Each structure stands twice: as C-alpha cells, then as structure tokens.
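Okay, structure first, notes after.
Values quoted throughout were computed directly from the atomic coordinates according to the rules given, and no laboratory measurement underlies them. What you are looking at is a predicted structure, and each value in this text was computed from that prediction instead of being measured. Neighbour counts run over all protein chains shown; Cβ positions are idealised from the backbone, glycine included.
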Amino acid sequence: MRKFLEPRPQGTECAVCPIRQFALFKVVPPSYLKDAQSRRTDQYHLPARRHLYEEGDPAEMAFTLFDGWVMLYRSHSDGARQGLRVALPGDFLGYMPPGEGRIHHAAQAITNVVVCGFRQPDLHEMMEKHTELAAHITRIHARYMVSCQSHMLGLGRKSAEQRIAYLIAELYHRLINRRLLPADSPSMPFPLTQEMLGDMTGLTPVHTNRVMRKLRTDGVLATERQRLTILDHARLLEIGEFSATEAE
C-alpha cells in the first residue's frame, strides 16, 4: 500500500458505519458484518493530493471511501489526465475482478480522506460465499460505467459551459442522494481545483476559469473558499442538460 496511508487509531465498526447504506456492505446481512469487519485490514487516513493508487499498480487492495473526495482518472501518453469520476463517501475504489492483475486507472485524494481497506482475495472469497455481494459489486460497476460514459459523451458533444454545469449538477445531486447535504441546501462543498475541474471536463485551467467566471456573472452560481452556491438551480440543469435521475 501507499506509504502515505496511515492507520486510523479508532476505526469505525462496520455494524455502526454511517455510510454503510450507500456502500459495499449495504447488502450484507447483519449476521455477517462481524466476518466482513474481520476482513478489513484497517481504516486509513490519506492526505489531500496524495494517490491512493496509480494506474498500473498491482490489484492487491480495494477500498471503500469513508470520508472525503477522490478523483479517478486515466493518463494519456503525453501525460495529460482525463478525469473519469469524482468519488464521494460510499464509493468503492480499486476493485478488479479475479484474473485482472493491474488497476486500470489512478485515484488521487482531492481532500484529506479516510478509506477502509480490503485485500482483493478476501473480497473474491466473500463474493463466492455471498452471491448478493457479487451482484451488488456488479451493480456498482454498472453505475460507474454509465457515469463515465455520460462524461465521455459530454467531452465530444457538449460545450465547455455545458460540461462544467453538468459536473456541478451531478455532484450536487449525488451529495443530496447520499444525505451528505440537506435537500434544501443551495450550497455545497466544492474542493476541486481549477486544474482538477479541467481534468474532469477536458478543458485547460484557463478555459475552466473563464467558464466559471461566466456562470458567476450570469447569476447561475457563486463560489467562495472551496464552497459553491447554486443561485439558479433550474438554469444550471438546463445548461448542463442534466436530469436529477442521472445521479446515484
């Protein structure tokens, strides 16, 4: 594992985990949670900007994101990064099916994060014993695939303003759906840097800054100190061509 991962002194137990209803063990019966807990290697802290894993790393560990935001991305041959997805608490990271020896993407902490670690062989064994867990992992990866496909479609078909509006709307509704944000709150945490926002939308930091400035000038949103306030929700959805049903 990464040298920057530090075990958390007092890890949260699976049975009382506040994000379990959105995470991997959502489908695990209470009677099996103790066994699942015993297979967790630990809970770990990872500082912002550090990598949880990099593209091509051995597929030895998988993680549930307990707290914080993580950017998943792939690298082009010239070193440029293409963001795939912003992971939020409850997301499952780094898992590869049996027979896949390497991880196909990288995961970088956007904020300070806490993750729960599991050895991949233990997960494969649990899936053999509990078919509902295997089915749930399949559903998780299917949702992630749909999300990545939506972003890829946007890169080819949408304007810069549409791409950024879509990403903001998607993150906002995902936070609400996971009860990480009150349903009536117009304000949300927004720790993405201009560079990260550009990586997620296929834009340069300069172009990203120009679009964000236009959205502020048009009264669609406001930003201050890693927070974003949506001033015109309907207009944001219209610009991004986003439907709330697309958020998971």
Added length on full extension, which subtracts the Cα-Cα distance from 0.36 nm per residue, Ala183 to His207: 5.5 nm
Region 1-35 and region 197-248: distance between their alpha carbon centers, rounded to Å: 33
Packing-based order for 181-191, 195-205, 15-25, using average beta carbon neighbours within 10 Å, highest first: 195-205, 15-25, 181-191
Region 6-153, relative contact order [Cα under 8 Å, separation at least 6], %: 30
Sparse-neighbourhood loop sites, GluC sites (Glu not before Pro) in region 70-147 - DSSP loop, at most 16 other Cβ within 10 angstrom: Glu100
Region 6-153: translational diffusion in µm²/s, Stokes-Einstein, Kirkwood Rh over Cα pairs, 4 °C, 1.567 mPa s: 82
Neighbour-count ranking [beta-carbon atoms within 10 angstrom, fewest first] of His105, His124: His124, His105
Those lysines that a straight Cα-Cα span of less than 23 Å connects to Lys26, excepting residues fewer than 8 apart in one chain: Lys34, Lys129
For region 145-248, fraction of C-alpha pairs farther apart than 16 Å, in %: 54
Cα pair distances in the chain, grouped into 10 Å bins until the bin that holds the longest one, percent each: 7, 31, 36, 20, 7, 0
Partner lysines for Lys214 [C-alpha distance under 20 Å; skip if fewer than 8 residues away on the same chain]: Lys158
Cut-off 14 Å between beta-carbons: net charge of the residues surrounding Ala134, Lys and Arg +1, Asp and Glu -1: -1
Rel. contact order, % - alpha carbon contacts under 8 angstrom, at least six apart, the chain: 19
Sorted by Cβ neighbour density within 10 Å, fewest at the top, the residues Tyr172, Tyr53: Tyr53, Tyr172
